[in-house]
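Following: one structure in structure tokens, then a few remarks.
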Amino acid sequence: MRDVRGDVVRRQLKADHNITVTNVRSICGYLISGETPPSAVAERVDDLFADPIIEIGAANTAMLTTPTFADGPETIITVGFKPGVTDNPGKAATDGFLTLFPNDVEAKIATYTTYVFYGLPSDCDASWLAGTLHNGLIERALIADRNACEAQSWPELTFPTPPEQVFIEPQSIDLECDDATLEEISTTGLLALNLNEMHAIQAHYRDETVRQYRTEMGISPNAPTDVELECLAQTWSEHCKHKIFASRIHHVDHETGEDTVVDSLFKTHIMKPTHDMQKDVDWLLSVFHDNSGVIAWDDTWSVCMKAETHNSPSALDPYGGAMTGIVGVNRDILGTGLGARPIANTDVFCFGPPDWEGQLPENLFHPSRVLRGVHAGVRVGGNESGIPTVNGAIVFDDRYIGKPLVYCGTVGIMPRHLPDGRPSHVKTPVSGDIVYMVGGRVGYDGIHGATFSSLELTEESPSSAVQIGDPITQKKMLDMVLEARDAGLITCITDNGAGGLSSSIGEMAEYTNGCEIDLAKVPLKQAGLSPWEILVSESQERMTIAVKPEDQAAFEALADLHEVEATAVATFTSTGMFHVRYADATVAYLPIEFLHEGVPQLQLESEWRPPELPSFVPPSGADHSELLQGMLQRPNIASKETWVRQYDHEVIAQTAIKPFVGVERDGPGDAGVIAPIHGDPHGLVISCGIAPRYSDIDAGAMAAASIDEAVRNAVCVGLDVDKMAGLDNFCWPDPIESTKTPDGRFKLAQLVRANRELERVCRAYRLPCVSGKDSMKNDYGSGPEKISIPPTLLFSLFGDHPDVRKSATSDFKFSGDKIYLVGESKQELGASELAFMLTENGQAAGVGGHVPLLPHPEQNLSTYRALSQCIRAGLVRTAHDCSEGGLAVALAEMCIGGRIGAAVDIDGTGTGDVWGRLWGESLGRIVVAVPAEHEATFLSQMKGHPTTVLGTVEAAPHLTIMDGDEALVQLDVETMASLWKGTLDLTGGVI
Amino acid sequence: MTPRVAVLFGFGINCDHETKAVFELVGATADRLHVNRLISGDQQLEDYDILAVPGGFSFGDHLGSGRLLGNRMRFAMRDALRNFVDAGKPIIGICNGFQVLVKTGLLPGPEAGTSPDFLQRGSLTLNDSGRYEDRWVTLEFDPESPCIWTKGMTRMECPVRHGEGKYVMPSSEDLDRLDAQHQLTVRYVDPTTSPGAGRTDENLPYPLSPNGSMRNIAGICDATGLVFGLMPHPEAIYARWLHPMHTRQDINDSTDGLGGWEGEGLQLFRNAVEYVKQRS
């Protein structure tokens, strides 16, 4: 039998480090702590721990001493989790152990993996090797090097027992001190509160009324308790309160002379436009205030979507960080309204180049390792939850080495009305309802995630902020919650994410204006957590759910059935107070209003001066065929198939347009289309747009391009443009001017410009933003070594597709089909992929110049509407978005998808030169193919819209691109396919 | 008579919704039944005519796919399962459900005429590629198989979505014996071969065989032909709009319901439902 687990390690050493190892064997180890006698366990090894057909098992003896490994291994590395880190296989093993030994209820199992190396190159250092196999932040590794192996001194891990936690009684923290001390309290406590905010808290405790009711309540009258201060820090964190988007900004534009004040970017440019559009349509059911935005999809069902980022945790532990990202956003859907069912995921990642050979700042992983880890985390999180990943993107840029961006999105569906008649998108809690914590337990892991993500990454970033998700615990909870919802048992539900119970119960308490929590009731992973830790811990897989007192028994019975822990920890009140007890002692007593509205508005400075970049000037005498071969291998353009294929993209049996299309099922899908109601072809389109490099020239143009790309992608599959909604996810470097961020005014001006373009384009497209999120501290380090990400907006879109049978895909289909360009090519090569490639190759001086703009979005919308109608009428079955790499790359991808050729002439596609028309990335362009019999109808439908004939689909698998009489590109389709698919295939092969 | 189908769910099973739906599309009634409802006796397996163990990631595939759920069923539902099989009622396991049936020993099961003995005889292990993959494959059915689920079916395209789909047995004699009784019901085949002539014992290269399964085995049945399991997902092609190439199909057949858009996978479920109807 092949040892695949070991073999994967062998192949990755080859793929990532070019190290050839003869053989790697693997051992799955289980450490059992319990009452069952070892001899009894030994008798059942094949019933649980080893598969009798394919594995060899041994108990109570090191596997390495058995004959299997008597053949002289050269290096051995054993990797296990550090104490307190989530060990999912261990948890499953414990569950399986209880099936066999039901009386050993206290039994616990921890897992480890041992890798046994044969034929290792002599210069391969064992501790370096161990470094590639584990993350020291969450795992420990034991090594037996050559000498140890010769001496048969095998590594043996002990059971990981977490260090005892010391319970600390709530303390009061004296804020009657000078400003420097206030700031120090914030810094040393990882509170991430600025001086203004510390002053606001100080002022609260100076209020005589406050002091009086605190005295009556028996809590420190003049100073906050640690519980209160932590709770305020979580609730007021940038992560939870979006203080930069809510700030008052003094904006100066040196280009136009504008000098103005913006009072809240969010309210001005995101919320207001959506609320204005809400007046015109009847399908915007719930926007902004819930965990995701909800739209009516038909009379029976509504759909919702949310996207989140998990950047900082993914930088520290790519696997765990990304996994908690995807399962976390699934919970946002489950926590929408009275509970929605997640039915589709989207994943968009931004990484450093996987082949990076330059310096790596301390404490940062190599981009290829970040890619592998993040991908694995999202893969496991999504696949094990049974949610298909239907859409996404991977973007590469050097600056993401400092902070990878990990966007995870989820689409949900819920009946518009529950069996008891309540609209499912409206939460209905009343004072007196009992609040349950459901799912996982609270542990030391996950303390300070929200405040930590509001700080820049440093070498001292805490390991407690990193967690590993547990998709199976969450899946059980999800099954249970949806059953409880349909039984009418839920009055209010929300996710426990950032800020833990402090945020989840705190936010829900706004509905009834008060709550009373008893932290002593909260089930813990390990004893000894202090009250403030219990309140703010972000331990995963938890929902907070309110239930009427009379429904408690039914709710708890359902939890038992699903083997989900559900504990009543609080009661809603109408006292106006966020009241937290630990058993009988009051440990926090804060007015709901102060908690949620008390944070002072930030006052920020913004100053725009256009960046000065060397202009991109194309080289003379270039060979466009050669350029196209180079472009197809660029990581930003190359096929992501190896990675995306590892996501389940069709569980639930609804995915009508998949990430892969065409005859070999490897052509790029522009957007995901699902038909979630079985037997019914009514569909939903899910797409995204992202163009971070345009920020190098103008972040406003970047935002417009992202939105247009999302819409174009969706139009390509037949979206009904009159029913679409969007999500804005901003990831920015710190835009607040300070000594750490001397260019803060510029970065804030970029944010202002992006928001203005977002409003302008969304209004023109009648595209309401229904939910969004921002992550504002995406920097690494400080001073000259500081790395800031390019300002990045991910725009996700979900919209209606009346009938998925009437869709289009990007692959060219039948020879003789006519190829058209819809839209117009302009001379827009600034920050284009070609400009980056030629600049990196030394063939051009820079990427500056005209970045793609969207001057008349209402015209684009009208063209999109006409084209998508053609698709839904069956006139057009082939359509592909034209983006990175321009027309040349779009045509190449369409040929690859169909493994068929095309003869194209780009003459007449625009007024620019050949570079602009072939490689420019002008917005608003879609390449389509039309069967000859539909050509006349197509043209009459597209009358008045820019539609230019390009050529014909050809049976011979060969792409020819002409410009009038001049041959620009002549390439064989198989050649293009293998170049395009090669770059990111980092598998090291199959055998 | 309308056959009743028990579709198991819980603990990470995740294809329960679509599995219920496909049975209903072919005229059965189907209930999603939490495993614990059967174990606790709250619901009785004997009240059902067909049992489906859907795909998913029960217990996260930890300690080997299907093992922990298989153990729960093997130890806590042994009598109910034995009675169900002895009563001649069809069982299907798809993907993770197949893994569960193999690890409980229901597949390939003992010699014909013997009650289930819950002995594991084969296994499903990690794909040779070392990767979980979602990829479309071409399947071909053994026309002489006793399997009641695949009657009249020749070839089908549908997706595999697994990381542990390599079917193995201790010796080639084990496989010979199953083959002789036509229990190697469904295999991965090269789509360029002509329908009916694709099945081969020679290992096909990746990705034609997505996992390196012995003899390209995609699914097997027990000696009675009633218990059937396979790694690929026939329910994922219940409608042709789920096929990756459907945008090449004529769109004009847009009658209500599935009409001309019925997918190839639905027949498999119809076969079992019809079998139950004819028996009653």
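Take the Cα gyration tensor of chain A, multiply each eigenvalue by 5, square-root it, and list the three semi-axes largest first, rounded to whole angstrom.
Values: eigenvalues 405, 269, 161 Å².
Result for chain A: semi-axes of 45, 37, 28 Å.
Once each part is reduced to its C-alpha centroid, what is the distance from region A:196-266 to region A:505-574 in angstrom?
27 Å
When the accessible area of region B:4-279 is computed with all protein chains present and a 1.4 Å probe, what percentage of it is carbon and sulfur? Intermediate results must be reported in sequence, preceding the final value.
Values: 3790 of 8300 Å².
About 46 percent, which is the carbon plus sulfur part of the accessible surface.
A:CYS177 to A:HIS254: FRET efficiency via 1/(1 + (r/R0)^6), r the Cβ-Cβ distance, R0 56 Å, to the nearest 0.05? Intermediate values should be presented prior to the final figure.
On the way: r = 41 Å, r/R0 = 0.74.
The calculated FRET efficiency here is 0.85.
Residue by residue through A:87-99, how many Cβ atoms from other chains fall within 10 Å of the Cβ on average?
Working: counts 1, 3, 5, 1, 3, 10, 4, 0, 7, 9, 2, 0, 7.
Mean partner-chain Cβ count within 10 Å for A:87-99: 4.
May I ask you to order B:93-100, A:350-357 by the average number of other C-beta atoms within 10 Å around their residues, highest value first?
Details: B:93-100: 29.8, A:350-357: 18.6.
Most protected by this proxy first, the peptides run B:93-100, A:350-357.
Please express the Cα-Cα pair-distance distribution P(r) of region A:473-568 as a list of whole percents, one per 5 Å bin, running from 0 to the bin with the greatest distance.
Taking every Cα pair in region A:473-568, the percentages come to 2, 13, 23, 25, 21, 13, 3, 0.
Ordered by packing density, taken as the mean number of other Cβ atoms within 10 Å over each peptide's residues, highest first, how do A:745-752, A:9-16 rank?
The most tightly packed comes first, giving A:745-752, A:9-16.
Tell me the Rg and the Dmax, in Å, that the Cα atoms of region B:46-190 produce.
15.0, 42
For region B:9-120, count the residues as N, evaluate 2.2 N^0.38 Å, and divide the Cα radius of gyration by that value, please.
Values: Rg = 13.2 Å, N = 112, 2.2 N^0.38 = 13.2 Å.
So the Cα radius of gyration is 1.00 times the expected 2.2 N^0.38 Å.
log₁₀ I(q)/I(0) of region A:164-294 at q = 0.11 Å⁻¹, via Debye over equal Cα point scatterers, no solvent, to two decimals?
Cα-only, vacuum Debye calculation for region A:164-294: -0.64.
How many square angstrom of accessible surface are buried between B and A, both sides summed, with a 1.4 Å probe and rounding to 100?
Working: alone 11640 and 36060 Å², together 41590 Å².
Counting both chains, the buried surface is close to 6100 Å².
Dividing the alpha-carbon radius of gyration of region B:39-94 by 2.2 N^0.38 Å (N being the number of residues), what value is obtained?
1.17
Using every alpha carbon pair in region A:314-390, what percent of pairs falls into each 5 Å bin from 0 up to the bin containing the largest distance?
Pairs per bin, as whole percents: 3, 16, 24, 20, 14, 10, 7, 4, 2, 1.
Take peptides B:162-174, A:943-955 and line them up by average Cβ neighbours within 10 Å, highest first, as a rough protection proxy.
Result, highest mean Cβ count within 10 Å first: B:162-174, A:943-955.
What is the local net charge at B:LEU69, summed over the other residues whose Cβ is closer than 12 Å to its Cβ (Lys, Arg +1; Asp, Glu -1)?
Values: positive: B:ARG67, B:ARG72, B:ARG74, B:LYS103; negative: A:ASP95, B:ASP61.
It works out to a net charge of +2.
Per residue of region A:185-198, in order, report the coupling 6.51 cos²θ - 1.76 cosθ + 1.60 (Karplus, θ = phi - 60°) as ³J(HN,Hα) in whole Hz, putting x for Gly and Pro.
Ordered by residue, 3J(HN,Hα) equals 4, 5, 5, 5, x, 6, 8, 6, 9, 8, 4, 4, 5, 4 Hz.
So what are the radius of gyration and Dmax for the Cα set of region A:808-991, in Å?
Over region A:808-991's Cα set, Rg and Dmax evaluate to 16.7, 56 Å.
Around A:ASP253, what is the net charge, scoring Lys/Arg as +1 and Asp/Glu as -1 over all other residues with Cβ under 15 Å from its Cβ?
Numbers: positive: A:ARG609, A:ARG745, A:LYS747, A:ARG753, A:ARG756; negative: A:GLU255, A:GLU258, A:ASP259, A:GLU605, A:GLU607, A:ASP698, A:GLU757.
Spelling it out: positives minus negatives among the neighbours equals -2.
Could you please report the charge total around A:ALA583, scoring K, R as +1 and D, E as -1 over all other residues with beta-carbon less than 14 angstrom from its beta-carbon? Mind dumping the intermediate values first?
Details: positive: A:LYS521, A:ARG581; negative: A:GLU169, A:GLU516, A:ASP518, A:ASP584.
Here the count lands on -2.
Could you state, as a whole-number percent, how many of the C-alpha pairs of region A:4-150 are farther apart than 24 Å? Mind dumping the intermediate values first?
Working: 4025 of 10731 pairs.
Looking at region A:4-150, the distances longer than 24 Å represent 38 percent of pairs.
Take the Cα of A:GLN601, step 7 Å along the line toward its Cβ, and report every residue of region A:251-280 whose backbone nitrogen sits under 12 Å from that point.
Counting only backbone N, you get A:261-268.
In the structure shown, do any of A:LYS272/A:LYS773; A:LYS403/A:LYS981; A:LYS241/A:LYS272 have a Cα-Cα gap over 22 Å, and if so which?
Beyond 22 Å: A:LYS403/A:LYS981.
Considering only protein heavy atoms, what per residue accessible area in square angstrom results for the protein assembly as shown with a 1.4 angstrom probe? Let's see the in-between values first.
On the way: 41590 Å² over 1271 residues.
Result: 33 Å² of accessible area for each residue.
Give me the compactness ratio for region A:541-653, meaning the Cα radius of gyration over 2.2 N^0.38 Å.
Working: Rg = 29.4 Å, N = 113, 2.2 N^0.38 = 13.3 Å.
Rounded to two decimals, the normalised Rg is 2.22.
Chain B: D in µm²/s via Stokes-Einstein (Kirkwood Rh, Cα pairs, 25 °C, 0.890 mPa s)? It would help to have the intermediate numbers written out before the result.
Details: Rh = 18.6 Å.
For the chosen part, D equals 132 µm²/s.
Report, in whole Å, the centroid distance computed from the Cα atoms of region A:377-392 and region A:92-144.
25 Å
On average, how much area does the Cα convex hull of region A:238-280 cover when viewed from any direction, in nm²?
Numbers: hull surface 16.7 nm².
Dividing the Cα hull surface by four gives the mean projection, 4.2 nm².
Cα convex hull of region A:235-383: how many Å³ per residue? Intermediate values should be presented prior to the final figure.
Working: hull volume 28.2 nm³, N = 149.
Enclosed volume per residue, from the Cα hull, is 189 Å³.
Are any of the pairs A:LYS806/B:LYS151; B:LYS20/B:LYS277; A:LYS306/A:LYS826; A:LYS306/A:LYS427; A:LYS813/B:LYS151; A:LYS475/A:LYS658 more than 26 Å apart by Cα-Cα distance, and if so, which? Don't skip to the end; give the middle numbers.
Working: A:LYS806/B:LYS151 32 Å; B:LYS20/B:LYS277 18 Å; A:LYS306/A:LYS826 34 Å; A:LYS306/A:LYS427 18 Å; A:LYS813/B:LYS151 34 Å; A:LYS475/A:LYS658 24 Å.
Exceeds cut-off: A:LYS806/B:LYS151; A:LYS306/A:LYS826; A:LYS813/B:LYS151.
Work out the FRET efficiency for A:LYS740 and A:HIS199 from their Cβ-Cβ distance, taking R0 = 35 Å, and round it to the nearest 0.05. Can you show the working numbers first?
Values: r = 21 Å, r/R0 = 0.60.
E(calc), rounded to 0.05, equals 0.95.
How large are Rg and Dmax for region A:238-325 when only the alpha carbon atoms are used, in Å?
18.0, 53
For peptide A:804-811, what's the mean number of Cβ atoms from other chains within 10 Å of each residue's Cβ? All intermediate terms of the calculation are to be shown ahead of the outcome.
Working: counts 6, 14, 4, 4, 1, 5, 1, 4.
Average per residue, whole number: 5.
Dipole of chain A, Cα-centred, from +1 at each Lys and Arg C-beta and -1 at each Asp and Glu C-beta, to the nearest 20 debye?
Working: 74 positive and 137 negative charges, 335 e Å.
Once rounded to the nearest 20, the dipole reads 1600 debye.
Once you place label points 7 Å from the Cα toward the Cβ at A:ASN103 and A:LYS943, how far apart are they in nm?
For the pair A:ASN103/A:LYS943, the computed spacing is 8.8 nm.
How well do other chains shield peptide A:52-61, expressed as the mean number of their Cβ atoms within 10 Å of each residue Cβ?
Rounded to a whole number, the mean comes out at 3.
If each of A:ASP299 and A:ASP71 carries a label point 7 Å out from its Cα toward its Cβ, how far apart are those two points in nm?
Once both label points are built, they end up 6.9 nm from each other.
Given points 7 Å out from each Cα along the Cα-Cβ axis, report the A:THR975 to A:HIS17 separation in nanometres with one decimal.
3.7 nm
Rounded to the nearest 0.05, what FRET efficiency do A:ALA873 and A:GLU164 have when you use their Cβ-Cβ distance and R0 = 56 Å? Can you show the working numbers first?
Working: r = 70 Å, r/R0 = 1.25.
My answer for the efficiency is 0.20.
Would you compute the Debye intensity of region A:674-810 from its alpha-carbon atoms alone, equal scatterers and no solvent, and pass along log10 I(q)/I(0) at q = 0.18 Å⁻¹ to two decimals?
The calculated log intensity ratios at q = 0.18 Å⁻¹ are -0.92.
The values are calculated or read from the model by the stated rules, or taken from the named source; none is laboratory data. As the structure is a prediction and not an experimental result, all values here were calculated from the model. Methodologically, a virtual Cβ is constructed for each residue, glycine included, from the backbone with ideal geometry; neighbour enumeration extends over all protein chains shown. Keep in mind that these areas ignore ligands, DNA and RNA; they rest on the heavy atoms of the full protein, side chains included. Shrake-Rupley method; radii C 1.70, N 1.55, O 1.52, S 1.80 Å.
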